[in-house]
Amino acid sequence: MNNLNDLQKNLLALREDSYKNFSAQLLPTVDETLIIGVTVPQLRKFAKKYFADKNVEEFLKDLPHKFHEENLLQAILISEMDNYAECLAAVKKFLPYVNDWGVCDTFSPQIFRQHLTELEPEIFNWLNCDGEYFNRFGLSMLLKFYLDENFDAKYLKWAAEIRSDKYYAQMMAAWYFATALAKHYDDAVIYLEKRRLPKFIHRKTIRKAQDSYRISDEQKKYLRGLKF
(Lines give C-alpha, C1' and ligand atoms only; values in the text may rest on other atoms or scores of the structure.)
Protein backbone atom coordinates (compact mmCIF):
# COMPACT_ATOMS: atom_id res chain seq x y z
CA MET A 1 0.00 0.00 0.00
CA ASN A 2 1.47 3.32 -1.08
CA ASN A 3 1.18 6.80 0.40
CA LEU A 4 0.42 5.59 3.89
CA ASN A 5 0.51 8.18 6.65
CA ASP A 6 2.20 7.65 9.99
CA LEU A 7 -0.98 6.58 11.79
CA GLN A 8 -1.84 4.03 9.11
CA LYS A 9 1.65 2.55 9.23
CA ASN A 10 1.38 2.14 13.00
CA LEU A 11 -2.01 0.46 12.66
CA LEU A 12 -0.67 -1.94 10.04
CA ALA A 13 2.05 -2.96 12.49
CA LEU A 14 -0.72 -4.24 14.79
CA ARG A 15 -2.38 -6.29 12.09
CA GLU A 16 -3.62 -9.80 12.87
CA ASP A 17 -4.60 -11.72 9.75
CA SER A 18 -6.91 -14.08 11.64
CA TYR A 19 -8.80 -11.14 13.15
CA LYS A 20 -8.95 -9.41 9.77
CA ASN A 21 -10.61 -12.48 8.27
CA PHE A 22 -12.98 -12.73 11.22
CA SER A 23 -13.93 -9.05 10.93
CA ALA A 24 -14.49 -9.30 7.19
CA GLN A 25 -17.09 -12.02 7.75
CA LEU A 26 -18.94 -9.86 10.27
CA LEU A 27 -18.78 -6.68 8.19
CA PRO A 28 -20.17 -7.48 4.73
CA THR A 29 -20.70 -3.79 3.95
CA VAL A 30 -16.96 -3.04 4.27
CA ASP A 31 -14.42 -3.64 1.51
CA GLU A 32 -12.17 -6.38 2.89
CA THR A 33 -9.07 -4.61 1.60
CA LEU A 34 -9.87 -1.70 3.91
CA ILE A 35 -9.93 -3.84 7.05
CA ILE A 36 -6.50 -4.03 8.71
CA GLY A 37 -7.34 -6.48 11.50
CA VAL A 38 -6.90 -4.70 14.83
CA THR A 39 -9.16 -5.43 17.80
CA VAL A 40 -11.07 -2.65 19.57
CA PRO A 41 -9.16 -3.18 22.87
CA GLN A 42 -5.90 -2.80 20.93
CA LEU A 43 -7.25 0.34 19.26
CA ARG A 44 -8.14 1.85 22.63
CA LYS A 45 -4.59 1.25 23.88
CA PHE A 46 -3.18 2.53 20.60
CA ALA A 47 -5.26 5.73 20.82
CA LYS A 48 -3.93 6.57 24.30
CA LYS A 49 -0.34 6.03 23.24
CA TYR A 50 -0.42 7.44 19.72
CA PHE A 51 -2.38 10.60 20.47
CA ALA A 52 -0.56 11.39 23.73
CA ASP A 53 1.57 13.99 21.96
CA LYS A 54 -0.37 14.47 18.71
CA ASN A 55 -3.26 16.63 17.58
CA VAL A 56 -6.47 14.64 18.00
CA GLU A 57 -8.56 17.41 16.42
CA GLU A 58 -6.55 17.19 13.22
CA PHE A 59 -7.31 13.47 12.91
CA LEU A 60 -11.01 13.96 13.70
CA LYS A 61 -11.33 16.59 10.96
CA ASP A 62 -9.50 14.52 8.35
CA LEU A 63 -12.54 12.84 6.80
CA PRO A 64 -13.20 10.54 5.11
CA HIS A 65 -10.74 8.01 6.49
CA LYS A 66 -9.40 5.14 4.44
CA PHE A 67 -9.37 2.16 6.78
CA HIS A 68 -12.09 0.62 8.92
CA GLU A 69 -9.83 0.87 11.97
CA GLU A 70 -9.41 4.61 11.44
CA ASN A 71 -13.20 4.93 11.58
CA LEU A 72 -13.22 2.87 14.77
CA LEU A 73 -10.57 5.18 16.22
CA GLN A 74 -12.75 8.14 15.29
CA ALA A 75 -15.71 6.64 17.16
CA ILE A 76 -13.53 5.81 20.19
CA LEU A 77 -12.04 9.30 20.39
CA ILE A 78 -15.40 11.03 19.97
CA SER A 79 -16.88 8.83 22.69
CA GLU A 80 -14.23 10.07 25.13
CA MET A 81 -14.88 13.78 24.56
CA ASP A 82 -16.01 15.55 27.74
CA ASN A 83 -17.59 18.66 26.21
CA TYR A 84 -21.18 18.01 25.13
CA ALA A 85 -21.39 20.63 22.38
CA GLU A 86 -18.06 19.62 20.86
CA CYS A 87 -18.90 15.92 21.12
CA LEU A 88 -22.29 16.39 19.47
CA ALA A 89 -20.73 18.42 16.67
CA ALA A 90 -18.13 15.69 16.11
CA VAL A 91 -20.84 13.01 16.02
CA LYS A 92 -22.86 14.97 13.46
CA LYS A 93 -19.81 15.51 11.28
CA PHE A 94 -18.80 11.84 11.35
CA LEU A 95 -22.16 10.05 11.05
CA PRO A 96 -22.49 10.60 7.28
CA TYR A 97 -19.27 8.59 6.83
CA VAL A 98 -20.33 5.61 8.97
CA ASN A 99 -21.06 2.64 6.71
CA ASP A 100 -21.01 -0.39 9.00
CA TRP A 101 -22.59 -1.53 12.24
CA GLY A 102 -19.26 -2.11 13.98
CA VAL A 103 -18.24 1.55 13.84
CA CYS A 104 -21.79 2.70 14.57
CA ASP A 105 -22.03 0.59 17.72
CA THR A 106 -18.61 1.66 18.99
CA PHE A 107 -20.05 5.15 19.50
CA SER A 108 -21.01 5.61 23.15
CA PRO A 109 -20.35 9.21 24.21
CA GLN A 110 -20.64 9.14 27.98
CA ILE A 111 -21.02 12.92 28.12
CA PHE A 112 -24.43 12.40 26.51
CA ARG A 113 -25.65 10.84 29.74
CA GLN A 114 -25.37 14.25 31.41
CA HIS A 115 -27.40 16.00 28.71
CA LEU A 116 -30.32 13.67 28.01
CA THR A 117 -32.95 16.39 27.70
CA GLU A 118 -30.83 18.32 25.19
CA LEU A 119 -30.07 15.10 23.31
CA GLU A 120 -33.73 14.14 22.79
CA PRO A 121 -34.39 16.26 19.66
CA GLU A 122 -31.13 15.06 18.13
CA ILE A 123 -32.17 11.43 18.61
CA PHE A 124 -35.61 12.16 17.19
CA ASN A 125 -33.97 13.63 14.07
CA TRP A 126 -31.63 10.65 13.66
CA LEU A 127 -34.57 8.27 13.92
CA ASN A 128 -36.53 10.14 11.29
CA CYS A 129 -33.87 11.00 8.73
CA ASP A 130 -33.06 8.95 5.65
CA GLY A 131 -29.96 7.00 6.57
CA GLU A 132 -29.44 3.44 7.82
CA TYR A 133 -26.71 4.29 10.30
CA PHE A 134 -28.31 7.54 11.42
CA ASN A 135 -31.34 5.42 12.37
CA ARG A 136 -29.21 2.71 13.99
CA PHE A 137 -27.22 5.27 15.99
CA GLY A 138 -30.39 6.99 17.22
CA LEU A 139 -31.81 3.65 18.34
CA SER A 140 -28.56 2.73 20.06
CA MET A 141 -28.69 5.99 22.02
CA LEU A 142 -32.24 5.15 23.17
CA LEU A 143 -31.05 1.68 24.17
CA LYS A 144 -27.96 2.86 26.03
CA PHE A 145 -29.27 5.94 27.80
CA TYR A 146 -33.07 5.85 27.99
CA LEU A 147 -34.10 2.37 29.13
CA ASP A 148 -33.37 2.60 32.83
CA GLU A 149 -34.23 5.46 35.19
CA ASN A 150 -34.64 7.79 32.20
CA PHE A 151 -37.24 5.63 30.48
CA ASP A 152 -40.40 7.15 29.04
CA ALA A 153 -42.94 5.16 27.02
CA LYS A 154 -42.79 7.80 24.28
CA TYR A 155 -39.38 6.46 23.25
CA LEU A 156 -41.01 3.15 22.31
CA LYS A 157 -43.31 5.08 20.00
CA TRP A 158 -40.36 6.86 18.43
CA ALA A 159 -38.59 3.57 17.77
CA ALA A 160 -41.75 1.90 16.45
CA GLU A 161 -42.33 4.63 13.91
CA ILE A 162 -39.08 3.96 12.08
CA ARG A 163 -39.97 2.62 8.65
CA SER A 164 -36.49 1.91 7.35
CA ASP A 165 -36.18 -1.20 5.20
CA LYS A 166 -32.44 -1.32 5.85
CA TYR A 167 -31.22 -4.44 7.64
CA TYR A 168 -28.92 -2.88 10.24
CA ALA A 169 -31.46 -0.26 11.26
CA GLN A 170 -34.14 -2.93 11.63
CA MET A 171 -31.88 -5.23 13.64
CA MET A 172 -31.08 -2.45 16.10
CA ALA A 173 -34.82 -1.74 16.43
CA ALA A 174 -35.38 -5.42 17.29
CA TRP A 175 -32.53 -5.31 19.81
CA TYR A 176 -34.02 -2.17 21.35
CA PHE A 177 -37.51 -3.68 21.72
CA ALA A 178 -36.16 -6.98 23.07
CA THR A 179 -34.23 -5.03 25.72
CA ALA A 180 -37.31 -2.93 26.43
CA LEU A 181 -39.27 -6.15 27.00
CA ALA A 182 -36.69 -7.19 29.58
CA LYS A 183 -36.80 -3.86 31.42
CA HIS A 184 -40.31 -2.51 30.78
CA TYR A 185 -42.30 -5.54 29.70
CA ASP A 186 -45.82 -4.15 30.15
CA ASP A 187 -45.08 -1.05 28.08
CA ALA A 188 -43.17 -2.85 25.34
CA VAL A 189 -45.35 -5.94 24.84
CA ILE A 190 -48.22 -3.73 23.63
CA TYR A 191 -46.26 -3.07 20.44
CA LEU A 192 -46.23 -6.79 19.69
CA GLU A 193 -49.79 -7.46 20.79
CA LYS A 194 -51.14 -4.68 18.57
CA ARG A 195 -48.76 -5.38 15.67
CA ARG A 196 -47.31 -1.88 15.74
CA LEU A 197 -43.92 -2.99 14.43
CA PRO A 198 -42.98 -3.94 10.87
CA LYS A 199 -43.16 -7.71 10.47
CA PHE A 200 -39.38 -8.21 10.26
CA ILE A 201 -38.73 -6.19 13.44
CA HIS A 202 -41.64 -7.90 15.20
CA ARG A 203 -40.26 -11.36 14.46
CA LYS A 204 -36.65 -10.49 15.28
CA THR A 205 -37.73 -8.90 18.56
CA ILE A 206 -39.46 -12.10 19.65
CA ARG A 207 -36.47 -14.18 18.57
CA LYS A 208 -34.05 -12.02 20.54
CA ALA A 209 -36.38 -12.05 23.54
CA GLN A 210 -36.23 -15.85 23.59
CA ASP A 211 -32.49 -15.61 24.24
CA SER A 212 -32.80 -13.16 27.12
CA TYR A 213 -32.25 -14.44 30.66
CA ARG A 214 -34.08 -11.36 31.94
CA ILE A 215 -37.39 -12.43 30.42
CA SER A 216 -39.30 -15.16 32.25
CA ASP A 217 -40.23 -18.50 30.68
CA GLU A 218 -43.89 -17.58 31.02
CA GLN A 219 -43.32 -14.31 29.16
CA LYS A 220 -41.32 -16.07 26.45
CA LYS A 221 -44.15 -18.55 25.92
CA TYR A 222 -46.64 -15.70 25.59
CA LEU A 223 -44.36 -13.86 23.13
CA ARG A 224 -44.06 -16.96 20.94
CA GLY A 225 -47.82 -16.88 20.61
CA LEU A 226 -47.63 -13.36 19.19
CA LYS A 227 -45.71 -14.38 16.06
CA PHE A 228 -47.10 -13.51 12.67
Would you mind giving the three semi-axes, in whole Å and largest first, of the ellipsoid equivalent to the range 1-93 according to its Cα gyration tensor? 23, 15, 13
If ligands, DNA and RNA are left out, what is the accessible area of Asp187 with a 1.4 Å probe, given in Å² to the nearest 10? 60
Residue-ordered couplings for the range 198-213, obtained by feeding phi - 60° into the Karplus form 6.51 cos²θ - 1.76 cosθ + 1.60 and rounding to whole Hz (Gly and Pro as x), are x, 3, 4, 5, 4, 5, 5, 4, 5, 5, 5, 5, 5, 8, 8, 7
Percentage relative contact order, the range 25-161, counting C-alpha pairs under 8 Å, at least six apart: 21
Heads up, I need the accessible area for Phe228: 1.4 angstrom probe, whole protein in place, Å², nearest 10. 70
Ordered by number, the trypsin sites (Lys or Arg not before Pro) in the range 1-54 that occupy a DSSP loop and have at most 16 other Cβ atoms within 10 Å are Arg15, Lys54
Magnitude of the Cβ-charge dipole of the chain, K/R +1 and D/E -1, about the Cα centre, nearest 20 debye? 960
Taking 0.36 nm per intervening residue step and subtracting the Cα-Cα distance, what contour gain separates Glu58 from Arg196 on full extension? 45.2 nm
Rounded to the nearest 500, what is the 222 nm mean residue ellipticity of the chain from helices alone, with -39500 (n - 2.57) per DSSP H run of 4+ residues and division by all residues? -18500 deg cm²/dmol
At a 1.4 Å probe, what is the % contribution of carbon and sulfur to the accessible area of the chain? 48
Stokes-Einstein diffusion coefficient of the range 121-228, Kirkwood radius over Cα pairs, 37 °C, 0.692 mPa s, in µm²/s: 242
Starting from the Cα of Lys220, draw a straight line to each of the lysines and keep only those under 26 Å, dropping any in the same chain fewer than 8 residues away. Lys144, Lys154, Lys157, Lys183, Lys194, Lys199, Lys204, Lys208
Lys, Arg +1 and Asp, Glu -1 on Cβ, resulting dipole of the range 65-149 about Cα centre, debye, nearest 20: 160
Three principal axis extents, largest first, for the C-alpha atoms of the range 35-159, in Å? 44, 26, 23
The ³J(HN,Hα) series, computed from each phi in the range 57-70 with the Karplus coefficients 6.51, -1.76 and 1.60 at θ = phi - 60°, rounded to the nearest Hz and given as x for glycine or proline, is 4, 5, 5, 5, 7, 7, 10, x, 7, 8, 9, 3, 5, 5
Can you spot the lysines whose alpha carbon is less than 17 Å from Lys66's alpha carbon? Ignore those fewer than 8 places along the same chain. Lys9, Lys20, Lys93
Could you list the GluC sites (Glu not before Pro) in the range 126-228 that lie in coil according to DSSP, counting only those with at most 15 other Cβ atoms within 10 Å of their Cβ? Glu149, Glu161
The range 143-182: chymotrypsin sites (Phe, Trp or Tyr not before Pro) falling in loop per DSSP and having at most 16 other Cβ within 10 Å: Phe151
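The values are calculated or read from the model by the stated rules, or taken from the named source; none is laboratory data. Keep in mind that what you see is a predicted model, and the values were worked out from it rather than measured. As a convention, Cβ positions derive from the backbone with ideal geometry for all residues, glycine included, and neighbour counts pool all protein chains shown. These accessible areas exclude ligands, DNA and RNA; they are computed on the full protein's heavy atoms, side chains included. Shrake-Rupley method; radii C 1.70, N 1.55, O 1.52, S 1.80 Å.
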